[in-house]
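Asks: Here it is, the structure, as structure tokens.
The values are calculated or read from the model by the stated rules, or taken from the named source; none is laboratory data. Treat the numbers as computed from the prediction; the structure is a model and nothing was measured. Note: ideal-geometry Cβ built from the backbone for every residue, glycine included; neighbour counts use all protein chains shown. For the accessible areas, the whole protein counts, side chains as well, though only heavy atoms, and no ligand, DNA or RNA atoms are used. Shrake-Rupley method; radii C 1.70, N 1.55, O 1.52, S 1.80 Å.
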Amino acid sequence: MSGDTPRKISRRTLLKGVGTAGAAAVGAQAGLLSGGAAPASQAAQEPPAAPDRDVREHLTAAEADTLNAMVARIIPTDDRGPGATEARAGRYIDRALGGALADSRQAYTAGLAAVDGHARSSRRAPFHQLSAADQDSLLKEVESGKAPGFGGSGSAAFFEMVRAHTIQGTFGDPYYGGNANFVGWDLIGYPGIRTSVTPADQRMNPLPVRIHKSAYDYEMFTKAASASLHGARGSWPLG
């Protein structure tokens with residue numbers, strides 16, 4: 001954490017121009033909420049409108065509201081492009097909780113309840129109804145381990161788990177429910193999965209034509225193998 005003063009280089013700038021693995025590395029080193037989310041001049045100060053609801057598979061309605069609000073502030077939408085909301089990172093997490101992330105289901109149940117409970121007790125409103133600024137300030141408390149109501153390894157561990165899964169859902173293969181319309185790949189300039197790479201592709205000059213295809217659109221990958229290894233639409237973020 002670097003305090004409440006926004007960094008001169010925003011999270012959006014850091015994420016642009018790096019690959020999926022690079023995005024994860026940036027998040028691990030800098031913390032996606034370090035320095036705050038969008039500056040107050042860019043962040044909506046009114047309670048955000050509820051996002052379009054996806055069909056829930058494992059989360060309750062209240063849990064989905066809290067989670068979707070969290071991912072929206074971890075990788076926010078701003079004037080430079082879409083974020084985790086448009087990528088449907090929350091949908092990815094919801095689906096994966098029935099597959100590869102099933103072991104995290106109880107952690108999400110307890111953690112999301114604690115986040116919302118802390119919002120209600122300290123800000124007098126459910127977390128998803130807080131202004132963006134209030135959501136950011138509360139998430140800083142969660143990230144730093146200062147938020148009450150978290151058992152076990154505390155609020156910092158829960159924040160780190162949600163942050164990691166948000167990155168997966170924003171930049172992973174769309175087959176798993178996130179990276180809707182390939183907005184995550186476009187955001188970081190990832191040209192898409194290739195089964196062969198030409199010398200020109202390697203030089204990145206000119207930039208390769210973007211390929212908007214899931215790994216499972218190629219015959220060499222099979223959805224059946226994915227399902228058997230990772231559960232129904234589980235988590236295999238890089239395809």
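Asks: For segment 208-239, enumerate the residues that are in a loop (DSSP other than H, G, I, E, B) and modelled with pLDDT of 85 or more.
Replies: Within segment 208-239, 208, 209, 210, 211, 212, 213, 214, 218 qualify.
Asks: Checking the structure you have, find out if any residue of segment 166-189 is outside any loop (DSSP other than H, G, I, E, B), open to solvent by less than 20 Å² (accessible area, probe 1.4 Å), within 16 Å of residue 71 (Cα to Cα) and of a type in the set (Ser, Thr, Tyr).
Replies: For segment 166-189, residues outside any loop (DSSP other than H, G, I, E, B), open to solvent by less than 20 Å² (accessible area, probe 1.4 Å), within 16 Å of residue 71 (Cα to Cα) and of a type in the set (Ser, Thr, Tyr): present.
Asks: Hey, another quick one. Scan segment 127-142 and report the pairs whose first residue is assigned to a helix (DSSP H, G or I) and whose second residue is of a type in the set (Lys, Arg) and open to solvent by 40 Å² or more (accessible area, probe 1.4 Å), with Cβ atoms within less than 6 Å and a gap of 6+ or a chain change.
Replies: Correct list of pairs: 134/123.
Asks: State which residue pairs qualify: first residue closer than 18 Å to residue 220 by Cβ and without any contact (Cβ under 8 Å) to a residue 60 or more places away in the chain and inside segment 190-204, second residue part of a loop (DSSP other than H, G, I, E, B) and open to solvent by 80 Å² or more (accessible area, probe 1.4 Å) in any location, beta carbons under 8 Å apart, and separation of 6 or more residues or different chains.
Replies: Matching pairs, first to second residue: 192/210; 192/212; 195/220.
The rows are residues; the columns are (1) in contact with a Leu (Cβ under 6 Å, 6 or more places away or on another chain); (2) open to solvent by 70 Å² or more (accessible area, probe 1.4 Å); (3) within 14 Å of residue 170 (Cβ to Cβ).
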| position | (1), (2), (3) |
| --- | --- |
| 57 | no, yes, no |
| 61 | no, no, no |
| 65 | no, no, no |
| 71 | no, no, yes |
| 76 | no, no, yes |
| 83 | no, no, yes |
| 90 | yes, no, yes |
| 96 | no, no, yes |
| 104 | no, no, no |
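Asks: Could you grab the pairs with beta carbons closer than 7 Å, sequence gap of 6+ or different chains, first residue in segment 65-88 and without any contact (Cβ under 8 Å) to a residue 12 or more places away in the chain, second one crowded, with 24+ Cβ neighbours inside 10 Å?
Replies: 77/83
Asks: Turning to a different aspect of this structure: Report, by residue number, each residue of segment 133-153 that is over 16 Å from residue 109 (Cβ atoms), surrounded by fewer than 21 Cβ atoms within 10 Å (Cβ to Cβ) and of a type in the set (Gly, Ala, Ser).
Replies: Listed by number, the residues that qualify are 133, 137, 144, 145.
Asks: Hey, among 156, 107, 114, 100, which residue is out of contact with any Gly (no Cβ under 6 Å at 6 or more places or on another chain) and either in contact (Cβ under 8 Å) with a residue 12 or more places away in the chain or outside any helix (DSSP H, G or I) (or both)?
Replies: 107
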